[in-house]
1. Under a crude label model (7 Å from the Cα following the beta-carbon direction), how far is residue 242 from residue 114 in nanometres?
2. Whole percent per 10 Å bin, from 0 to the bin with the longest distance: what is P(r) over all C-alpha pairs of region 1-130?
3. Could you give the C-alpha radius of gyration of the chain expressed as a fraction of 2.2 N^0.38 Å, taking N as the number of residues it contains?
4. Taking the Cα centre of region 167-230 as origin and charging only Cβ (+1 Lys, Arg; -1 Asp, Glu), how large is the dipole, in debye to the nearest 20?
5. Figure the gain on full extension for residue 172 and residue 203 (residue separation times 0.36 nm, minus the Cα-Cα span) and round it to one decimal in nm.
6. Quickly work out the residue 193-to-residue 31 label distance, labels modelled 7 Å from Cα along the C-beta direction, and quote it in nm with one decimal.
7. Under a Cβ-only charge scheme (Lys and Arg +1, Asp and Glu -1), can you give me the dipole magnitude of region 2-99 about the Cα centre, in debye to the nearest 20?
8. Compute the long axis of helix 180-190 from its Cα atoms, compare it with the longest principal axis of the Cα atoms of the chain, and write down the angle in degrees, 0 to 90, nearest 10.
Amino acid sequence: MNRVKAHTDFHGAYESGIVKMLTIGLGKQAQALAVHKYGANGLRDLIPEISRVVLTSGKILGGLAILEDGYENTADLRMARPEEFYEVDHEVLLRSKEMMPHLPFDRIDVLIVEQMGKNISGTGMDPNIIGRVRIEGQEDALPFCSRIVVLGLTPESHGNALGIGLADVTTRAVADEIDWEATYANVVTSGFLQRGFLPIVAKDEKEAVSIALRTCGGSEEGCRVVRIRDTLHIDEIGISESLIPELLASGLGEIVR
């Protein structure tokens, strides 16, 4: 049983869903480590192959694919017999991508993320939302964010800051809260070491944002700034004055003052 959605490391016919669960979920850390050592492309190519071996064991009676909308509400449930796993997983994945939320801008100078964490995304911040992957050989997507600032780590993460390397700047408070042993356990297992790199550490939130503004490559007056609670909740976001005309023209949102 698994939620079906876009994967944070790669894109393919089967990503994060019931097919992946046969390989990574049922295989526990040992199987995850064995597959992750082949990189993101290895995950994409090997997960279907290994899952077929699991299905031929005859021990899998069926699967439940869960589809969620952009607000984490259950939108659909699909049961699959073993021979239907691949068809159902792919169909639900395509529907999930249609429902997946996204930021309403293709280019952002400074993205401020109030909190990241394991309860928000497996990578702390969802690369599908921020557009930044930080995996060698994998291309970033939109939006392009010149600078990303992280201001907090959720208590539910218990210090696991996997994904902190997706940011450019953070605060001393966040850095002091990181449990590096737990973080490295996740990072090394995945093999994507850049996601565990420590960004520039500022003394406080004001300095962190200031550093990002000064180094984003544009003038501070017309800077394209977006502030979000986290990558799981982007139905309400903060934007700089410079982005208001673009948002209104796109029809993707409304201004609430």
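1. Reported label-point gap for residue 242 and residue 114 is 2.3 nm.
2. 12, 41, 34, 12, 2, 0
3. My calculation over the Cα atoms of the chain gives 1.06.
4. Using Cβ point charges on Lys, Arg, Asp and Glu, region 167-230 gives about 220 debye.
5. The residue 172-residue 203 span can extend by a further 10.6 nm.
6. 2.8
7. For region 2-99, the charge dipole is close to 400 debye.
8. Value to nearest ten degrees: 50.
Quick note: the coordinates plus some simple rules give every number you see, no bench work behind them. A quick note: this is a predicted structure, and the numbers were derived from the prediction, not measured. Positions of Cβ are backbone-derived with ideal geometry, glycine not excepted, and every protein chain shown enters the neighbour counts.
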